[in-house]
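For reference, the structure is listed below as structure tokens.
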Amino acid sequence: MILYLDASALVKRYVAEPGSDEVSRLIAGAAVVGTSLITRAETSAALAKAARVGALTREAAAAALQVFRSEWPFLIRVQATELVLTRADTLAWELGLRGYDAVHLASASIWQEGMGEAVTLATFDRQLWDAARTQGLAVSLENLGTFVAGR
């Protein structure tokens with residue numbers, strides 16, 4: 001399996017929360033794991049927010065960030081090129097996606113086209129999950145509804 005993780009899925013690799021076991025299982029079963037270049041900033045921001053709101057201690061968030069940064073070089077990183085952002089622009093408009101969600105969807109679909117093989121997108125965002133299915137991507141977590149109600 002070729003696995004694309006958006007930030008909502010990747011964060012679960014570094015923070016124990018509902019869905020973390022599923023993400024670990026997906027990563028373990030993948031031949032290749034990738035994400036968009038923008039995920040680096042999104043993941044760091046999510047860990048900083050978790051510390052700010054008290055979901056994690058500052059020390060735990062800093063430790064998770066250190067592990068994330070050490071593993072970053074081992075992920076395939078889909079570049080945020082003009083082609084990706086042009087497709088994201090279209091997807092955002094046509095599907096009503098938020099900006100970074102559109103970039104993730106564009107990144108995964110362009111990666112799939114380039115690989116010539118199915119890419120499975122892992123996300124915990126219902127709207128992105130639904131949109132990925134309309135764009136011909138396989139989606140993980142068929143039981144997504146047990147983790148998120150809406151967005």
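The values are calculated or read from the model by the stated rules, or taken from the named source; none is laboratory data. In this text, all values refer to a predicted model and were calculated from it rather than measured experimentally. Neighbour counts run over all protein chains shown; Cβ positions are idealised from the backbone, glycine included. We work out accessible area using only protein heavy atoms, side chains counted, and drop any ligands, DNA or RNA first. Shrake-Rupley method; radii C 1.70, N 1.55, O 1.52, S 1.80 Å.
Given charges of +1 on the Cβ of Lys and Arg and -1 on the Cβ of Asp and Glu, with all other atoms neutral, how large is the dipole of the chain about its Cα centre, in debye to the nearest 20? Intermediate results must be reported in sequence, preceding the final value.
Values: 14 positive and 16 negative charges, 93 e Å.
Magnitude of the dipole: close to 440 debye.
Of the labelled options (1) 105; (2) 95; (3) 139, which one gives volume of the Cα convex hull per residue in Å³ as computed for this structure? Entry (1). Of the solvent-accessible surface of the chain, computed with a 1.4 Å probe over protein heavy atoms with every protein chain present, carbon and sulfur atoms account for 55 percent. Can you find, among Ala50, Val119, Tyr100, the residue farthest towards the positive end of the dipole of the chain? Put +1 on the C-beta of Lys and Arg, -1 on that of Asp and Glu. Selected residue: Ala50.
Among residues other than Ala132 with Cβ under 12 Å from its Cβ, the summed charge is -2 (Lys and Arg +1, Asp and Glu -1).
Solvent-accessible area per residue in the stretch 1-103 equals 54 Å², computed with a 1.4 angstrom probe and all protein chains kept.
Between beta-carbons, use under 14 Å as the cut-off and find the net charge around Glu42, counting Lys and Arg +1, Asp and Glu -1. Numbers along the way, then the final one.
Numbers: positive: Lys12, Arg13, Arg40, Lys49, Arg69, Arg77, Arg98; negative: Asp6, Asp101, Asp125.
It works out to a net charge of +4.
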